[in-house]
Structures are given as structure tokens and as C-alpha cells.
1. Just to be sure I understand, how many residues within segment 99-146 are part of a strand (DSSP E or B), closer than 20 Å to VAL53 by Cα and not β-branched (Val, Ile, Thr)?
2. Working only within segment 190-232, note down all residues that are under 24 Å from PRO276 (Cβ atoms) and exposed (fewer than 14 other Cβ atoms within 10 Å of the Cβ).
3. Among the residues of segment 229-277, what is the count of those that are of a type in the set (Phe, Trp, Tyr), part of a strand (DSSP E or B) and in contact with a Leu (Cβ under 8 Å, 6 or more places away or on another chain)?
4. Filter segment 262-282 for residues that are out of contact with any helix residue (DSSP H, G or I) (no Cβ under 8 Å at 6 or more places or on another chain) and modelled with pLDDT under 90; which is nearest to ASP293 (Cα to Cα)?
5. So which residues in segment 411-424 are over 20 Å from GLY337 (Cβ atoms), surrounded by fewer than 15 Cβ atoms within 10 Å (Cβ to Cβ) and not basic (Lys, Arg), if there are any at all?
6. Identify, from the list TYR114, TYR146, the residue that is modelled with pLDDT of 90 or more, among the aromatic types (Phe, Trp, Tyr) and in the same structural domain as PRO58 (by TED's automatic domain parsing).
7. Return the residues of segment 375-410 that are hydroxyl-bearing (Ser, Thr, Tyr) and either farther than 14 Å from ILE329 by Cβ or crowded, with 16+ Cβ neighbours inside 10 Å (or both); say none if nothing qualifies.
8. Name the residues in segment 156-204 that are in a strand (DSSP E or B) and hydroxyl-bearing (Ser, Thr, Tyr), would you?
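The values are calculated or read from the model by the stated rules, or taken from the named source; none is laboratory data. Because the structure is a prediction, the values reported are computed rather than measured. Cβ atoms come from the backbone with ideal geometry, glycine included; neighbour counts cover every protein chain shown.
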Amino acid sequence: MRRWRRVIIYLVVFIFLGGYFYYFEVVKRHEKEERKRLEKKVFHFEPDGASEVHLVRPNSKKIIIKKTGSKWMLEEPVKTEADQASVKGLVNVVADIEANKWLDVEKREALKNYGLDKPALEITVMVNGKTYSLRVGQKNPAGTSYYAQVAGQNRVFLMDTGRWGVLNKQLFDLRRKELVTFEDEDVKSLTIGWDNSFSVQLVREGGGWKCVGNPGMKIKNSKVENVLDQIRWMRARKFLSFENPNLKDYGLDRPKVSIVVVTGDDKKHEVLLAEPRKDNEKEAKNFLMAYTDDLPFVVYVDKDILNEIPKSPRDVEDRSVFVWKEEDIYRIAWAEGGKSYEVVKLSEDKWGIRIKDGEKPKEMKESWRVRSLFWELEDIEYDSVASSASSPPSKPAMEISFFDKTGKELGRWVWGKLPEDGEKLVPLWITEGGKTKTVNIKAEGLKGVKEKIDDILKEFEQEDRKAKDKYNH
């Protein structure tokens, strides 16, 4: 009994000492650090309560941004939607600015020594009826800080140079640059017209897409999603006009490309793209002029967008060669150079490999390599279907078969020796349901499959070599 009483006493003392240590060494230290941080803060306000921001620079127009509802809007020098993330970031930095050191300045004339007689930037933030104004001057001699001042105070403080990059926002940084805003899942139809009369018109139907004028064509969802993403990701690189310009002045009355996206609320988002004037070679090389009612200014956008916009329904056609779902494949067998191998699904995320029928598969340590093979298979597309039937080579370079859970062969691929030129078209013989067809495919696609298979074999060969070394020793 005495022994247990002693243990309980020790336990109580231990808990007391632990609590003492935690309170004074952890809680109190954290409170002390937080007090020091708050003492260094220049302003004390909640950024979410900000309703207006002013930015003033020498020899520049004043920038005024106001919050309307939950959205920031530019009021001066141009009326347009603001870049929400940039404005929020600016307000957050102003609210979080800390003074590394305070300097007392007795005479106003002395402000000139800090570049604060004519500050490089003055930012004013209105929060719940109160005004918080920051003036930023020049760098200190060491170049590690900026001199700054709260408007109306004589004291000057040193501000980290890292803050300047966020505070020094130009008009371009603060205005909206997205040409259109929509969610992919809300899109009902997509129409693309080219100046040479090529056009693509797609409508959403069920869980997929249909091509208007060619309802029998199978459309690949991922291709359409990529096009929609590219349209959403278009950004203004330069603003060329004021609001609601005369499109004829920019050649946008007869655009090179017109894009119309209709969303579920029947809202139409139209984007017009045209080549820049020929007299500016650099801009003509890198940019396109663009206009949309969503952002009613003529702007430059990256010319690379032309590579992502389909010129015909064929560009979004589903020409996939691998037509099965990954989860339906339980075994992949291949033969190459007189040797045969198999990978077998052991569980949802585990695969095994074997080289002889009937033997137990050896679990792969890196089953993700099989997943990587599936990615490669899913990306392959044929260029065309061979017009005439032909027989596969008697000694193919590679033969791959795919099997389901019951052991049924879903399909088989056969190809011959691949050329060095990956762009060259080569025949691929595909057997499904007892029928064989030949499609022409770029050699680089089959080379990619071969590389992924080699990666799988590398692990097997490494493990096999280790086993032999262990046996020999």
C-alpha cells in the first residue's frame, strides 16, 4: 500500500512539474512572442473589413478601388473589375506590416533624408469608417529596408524590402485580366469559327459531347475539357483600348477566330481573336488581339492559344486505341524477343509480375509503374484506319494482350519494328472480339508504351538479380 501511495505522490509531482513547464515555457513564451509581434505591427485592423483603397504615386494617376458587395471594383483611373486576389493581397500586407525599427524625426524637413517628403508610394485603406495611410520612401543605405511612415506621424520606421513587391502594385496588376469566367461543368455548348470557314460546334449531351452536323462522331471529353480550360485561362497581357472600343479599328470586326461558350444560365461568352497590325513584328509574333463583352477592352493575349483551339471536329474526335477502363484490366501479357511476361492485379493498388504460366506472381514493390503504363496506353490515338486489310508480321517486335477478371482476352495489340523517327506513322494490328483491324499510329506512341514496359521489367530484373546473388552466397 505504501508503495502505491509513493507512486501516486510521484505521479502528482510529475504532473505538476509538467504543467508548470508547459505553462511557463510554452504558453507564456507564445504569449510573449505574440505581444512582441503585435507591438511591431504598424496598423491594427481586420483586412476583411476594408471597403476602399487608394494608391498615389508621383507623376501617376491616382488609383481608387472600392468594394461593391463582396467584389473589388476599380473606380479610377478606369472603371472595371479589379483583380480580386491582388487587391486582397495588398490589403493583407498593409494590415500585417511590421516596424523593424522606429526613428524619431523632429523636423518635417528631415523627411527628405528618407525620401518621405515626396513618397514613392502612399497607400490608404478605409476600414469601418477609419482611415489607415502608409507612406513609403527610399531604401536605407544598407538596402535591407525601406523607410516608411504612418501619415500624420513624425516617426519613421524601417520596413522589410520584401513588402515592397506586394505594395508596389501598378494599374495593370490591380485590374482583372481574365477574359471570361465560367465553370467547365456549366457549359452547354461550344462553337468555334475560323476566318477560313472551318468551324466546330459541340453540344453537351448526357455525360459527353456531340458534334453538330456529325452526330456519329465520338468526341473525347478530355479534349473538350482542355479547350475549355485554355479559354478560361486566357489572360490579358496588355490593354490596348478604353472601354467599349470600335472593333473595326483593331480588325476585330472580322476576327481570325471567334469562340462562343454558352453556359447553363444561357449566358453567352464570346471571345474574338485577331492578328496584330503587321507594322509591329514582335507583337505580331507573340500576341493576338482579343475582345470579349465580359472584359470590354481590346487586349493582347498569348498567341499560343491558337495551338489549343480545334480547327475541325477531328481535333476533338476520340481516336483512342486503348478502349477499356483501367479497373477492368486484371492481367497484361506481352511477348518480346522470344520472351514472355505478365503483370497481374493482386488487389486494387497492387500488381505482381511473373514469367511462367501457373507460377505465383511476385508482388511488385513499385506498382505505380503499371499505373504509368496505363497512362501511356490511354494517351495513344490513331491517325487513320488502314483502308485495306493486312496481316500482322510473323515475328512482331511486340505483342500485348489485355485480360479481364475472368481471364477473358479483351484485346491484343501487335506491331513490327519501330523507326527512329517518332513522327512516322506505323501500322498497329488490333484484335477485339475475334476481329482484327489495322490503324496507323505515330511511332512515338508505341515507343512510349515500350519504355513503360521496360521500366516494369527493370524492377523484376533487379529483384531477380538480388535473389540469385543471395542464393550464390
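1. Within segment 99-146, the first condition is being part of a strand (DSSP E or B), and the residues that meet it are 101-103, 121-127, 130-139, 145-146.
Then keep just the ones that are closer than 20 Å to VAL53 by Cα; that gives 121-127, 130-137.
Then keep just the ones that are not β-branched (Val, Ile, Thr); that gives 121-122, 126, 130, 132-135, 137.
So the count comes out to 9.
2. First, the residues of segment 190-232 that are under 24 Å from PRO276 (Cβ atoms): 192-199, 227, 230-232.
Result: ASP195, ASN196, SER197.
3. Step one: filter segment 229-277 for residues of a type in the set (Phe, Trp, Tyr), giving 233, 239, 242, 250.
Restricting the remaining residues to those that are part of a strand (DSSP E or B) gives 239.
Imposing the further condition that a residue be in contact with a Leu (Cβ under 8 Å, 6 or more places away or on another chain) reduces the set to none.
Total meeting the criteria: 0.
4. Only one residue tops the list, namely ASP266.
5. Step one: list which residues in segment 411-424 are over 20 Å from GLY337 (Cβ atoms), which gives 411, 421-424.
From what is left, the residues that are surrounded by fewer than 15 Cβ atoms within 10 Å (Cβ to Cβ) are 421-424.
If the condition is that a residue be over 20 Å from GLY337 (Cβ atoms), surrounded by fewer than 15 Cβ atoms within 10 Å (Cβ to Cβ) and not basic (Lys, Arg), then ASP421, GLY422, GLU423 are the ones that fit.
6. Details: TYR114 fails: modelled with pLDDT of 90 or more.
Exactly one of TYR114, TYR146 is modelled with pLDDT of 90 or more, among the aromatic types (Phe, Trp, Tyr) and in the same structural domain as PRO58 (by TED's automatic domain parsing), namely TYR146.
7. Across segment 375-410, the qualifying residues are TYR382, SER384, SER387, SER388, SER390, SER391, SER394, SER401.
8. Let us first name the residues in segment 156-204 that are in a strand (DSSP E or B), namely 156-160, 175, 178, 187-194, 199-204.
Selection gives SER189, THR191, SER199.
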